[in-house]
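The values are calculated or read from the model by the stated rules, or taken from the named source; none is laboratory data. In this text, all values refer to a predicted model and were calculated from it rather than measured experimentally. So basically every Cβ, Gly included, is an ideal-geometry build from the backbone, and we count neighbours across all protein chains shown. Ligands, DNA and RNA are stripped out before the accessible areas are found, and what is left, the full protein with its side chains, is counted by its heavy atoms. Shrake-Rupley method; radii C 1.70, N 1.55, O 1.52, S 1.80 Å.
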Amino acid sequence: MIFSLRFFRVTGVLIFIMCTYAVSLDWPAFHGLDRTNKSKETGLLKKWPAEGPKLLWTASGLGKGYSGVSTSGGIVYTAGIVDKVNYVFAFDNSGKLLWRKEAGGSWEGKSAFARGFEGSRSTPTVNDGMIYYLSDMGLLTVLDAKTGAQKWSLDIRGKYEGHIARYAYAESPLIDGDRLYAAAYGRVGVLCLDKKTGKVIWESERLPGGAGDAGDTYAGYASFIIVNDNGFRQLMAYTADYVYGMNSANGKLLWKVPFANPRHRDNCTDVVYHDGYVLASSGYGHGSMLVKLTKTKDGVSAQEVYRTKLMDNHHGGVIFHNGYVYGAGDESKGWFCLDFKTGKQMWNTPGKGSITFAEGMLYLYDENGKMSLVKARHDKYELVSTFQVPPGGRGAYWAHPVVSNGVLYLRHADNLYAYDVRNPSGRCPGL
């Protein structure tokens, strides 16, 4: 009897721990805490009903934008532009609006074509009770996560004479420990700030610009990733002309490789790092490039391994999994799986959009609103389920999908949709 009681007590504790872990998998930043865009969720549906997973709630009133969502402590955050003003929104896990706060004026495209793509780009970053959001005009706004009260702000474009890109600022702020990193791409290259106060820790030297820019540096729209490589904790990102790595301790440029997109200079896709290699990808027919990093006496060198026209990712993201990369091509057309080390095509199928990953499955959010569940296997494309996401306004479905705490979040224009993707048989007791 004593053994039985001890067994049930231990079992109960284990179940409690497992259940607590299962329901606390937040997604506090663009592409997740580690920026790999891979959720650690388990107990998810491996097949959806024909009509799609259950729609839990819809939040409207987000305005124009392509911002994704961040989640923390049962609150969902996103951003949008309403009446030419940036707003950060906070919803509870039933879709109820908790608060919305202004975060600066909005960008207006110079051409009629560019004006067709106005809207928020950055995804709010949640860290240590604060929200960090970069507007399309380069205003960094820091808010209290519970109330939305402003803590501090910094006009990066104005202070550092940053060059606004053709489609405005799109970076999502990166936080590592007590440090906040953001690209200035003006009279200094990159900023390292104290996340609590905004005090400057370091400002890097001005980064090199492209031909014809009189030395000016232009943003490439992508966000930073941060990794440990060759003895350095490196920030990696793009300008419009280069992919580069920087020492996060002091802002020293460690390496750079030319990667200018000759048509539009839009390097939108975050770089992918694995085991000393960096994959860069850019749309408009530019393609993908793999770079090998090697430790040298003076720092780090970067050598190009291959370039391919395949999987010229526009802005939907690329994911590394088990030696292969998955993402969509722009002019190369379709969803791709490539061998990471060689660039060899493993499979290709029609479609184009944004991607995320959870529990061995790819979530492919096509820009026409079709949501697909696909097995993450390199030997063949294996579609499991699809459903159509309703429209939330005009424009393509470009916001990146997110899986967090058993919920699939999909944004289109003015609307945010929350779908239940938990497997009922995999839920903890009482959930």
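Being assigned to a loop (DSSP other than H, G, I, E, B), farther than 19 Å from M361 by Cβ and modelled with pLDDT of 95 or more narrows it down to one of D26, D34, so name that one.
D26
Go through the range 331-346 and give me each residue that's out of contact with any Leu (no Cβ under 9 Å at 6 or more places or on another chain) and open to solvent by 10 Å² or more (accessible area, probe 1.4 Å).
E331, K333, D339 - these are the residues of the range 331-346 that are out of contact with any Leu (no Cβ under 9 Å at 6 or more places or on another chain) and open to solvent by 10 Å² or more (accessible area, probe 1.4 Å).
Just checking: which of the strands (runs of 3 or more DSSP E) contained wholly in the range 216-277 hold 2 or more residues that are in contact (Cβ under 8 Å) with a residue 40 or more places away in the chain and surrounded by fewer than 23 Cβ atoms within 10 Å (Cβ to Cβ)?
Working: elements: 225-229, 232-238, 242-247, 253-258, 272-274.
Those strands (runs of 3 or more DSSP E) span 225-229, 232-238, 253-258, 272-274.
Return the only residue of K292, K297 being surrounded by fewer than 16 Cβ atoms within 10 Å (Cβ to Cβ) and in a strand (DSSP E or B).
Exactly one residue qualifies, and that residue is K292.
Kindly indicate whether A90 is of a type in the set (A, V, I, L, M, F, W, C), closer than 26 Å to A396 by Cα and under 19 Å from the mean Cα position of the chain (by Cα).
Spelling it out, A90 is indeed of a type in the set (A, V, I, L, M, F, W, C), closer than 26 Å to A396 by Cα and under 19 Å from the mean Cα position of the chain (by Cα).
Of all residues in the range 166-186, how many are surrounded by 20 or more Cβ atoms within 10 Å (Cβ to Cβ) and touching a residue at least 40 places away in the same chain (Cβ under 8 Å)? Even if it seems obvious, please write down each step before you answer.
Filtering the range 166-186 down to residues surrounded by 20 or more Cβ atoms within 10 Å (Cβ to Cβ) leaves 167-175, 180-186.
Checking the rest, the ones that are also touching a residue at least 40 places away in the same chain (Cβ under 8 Å) come to 167-175, 180-183, 185.
Qualifying residue count for the region: 14.
Give the range 347-368 a look and list any residue that's more than 21 Å from T308 (Cβ to Cβ), surrounded by fewer than 19 Cβ atoms within 10 Å (Cβ to Cβ) and among the polar types (S, T, N, Q), or say none.
Residue satisfying the conditions is N368 alone.
Could you say whether any residue in the range 102-118 is open to solvent by 50 Å² or more (accessible area, probe 1.4 Å), at pLDDT 95 or above and closer than 25 Å to R157 by Cβ?
Among the residues of the range 102-118, at least one is open to solvent by 50 Å² or more (accessible area, probe 1.4 Å), at pLDDT 95 or above and closer than 25 Å to R157 by Cβ, which makes the answer yes.
Restricting to the range 403-414, count the residues that are assigned to a strand (DSSP E or B) and either farther than 24 Å from L44 by Cβ or in contact with a His (Cβ under 9 Å, 6 or more places away or on another chain) (or both).
Adding up the residues that qualify gives 1.
All but one of (1) in contact with a Gly (Cβ under 6 Å, 6 or more places away or on another chain); (2) free of Cβ contacts under 8 Å to residues at least 12 places away in the same chain hold for E382; state the number of the condition that does not hold.
(1)
Those residues that are in contact with a His (Cβ under 8 Å, 6 or more places away or on another chain) and part of a strand (DSSP E or B), I need them from the range 330-353; list them, please.
C337, D339, M346, W347, listed by residue number.
Can you find a residue that is touching a residue at least 24 places away in the same chain (Cβ under 8 Å), within 24 Å of V257 (Cβ to Cβ) and either open to solvent by 60 Å² or more (accessible area, probe 1.4 Å) or basic (K, R) (or both) anywhere in the range 152-165?
no
List the number of the failed condition for V325; all other conditions in (1) open to solvent by less than 30 Å² (accessible area, probe 1.4 Å); (2) under 19 Å from the mean Cα position of the chain (by Cα); (3) over 30 Å from G231 (Cβ atoms); (4) of a type outside the set (S, T, Y) hold.
Result: V325 fails condition (3) only.
Return only the number of the condition from (1) touching a Lys or Arg at 6+ places or on another chain (Cβ under 9 Å); (2) open to solvent by 10 Å² or more (accessible area, probe 1.4 Å); (3) within 22 Å of K40 (Cβ to Cβ); (4) assigned to a loop (DSSP other than H, G, I, E, B) that A399 does not satisfy.
(2)
Return the pairs, sorted by first residue and then second, in which the second residue is open to solvent by less than 10 Å² (accessible area, probe 1.4 Å) and assigned to a strand (DSSP E or B), the first residue lies in the range 325-347 and is closer than 17 Å to A376 by Cα and among the acidic types (D, E), the beta carbons are less than 9 Å apart, and the residues are 6+ apart or on different chains.
Listed pairs, sorted by first residue: D339/V325.
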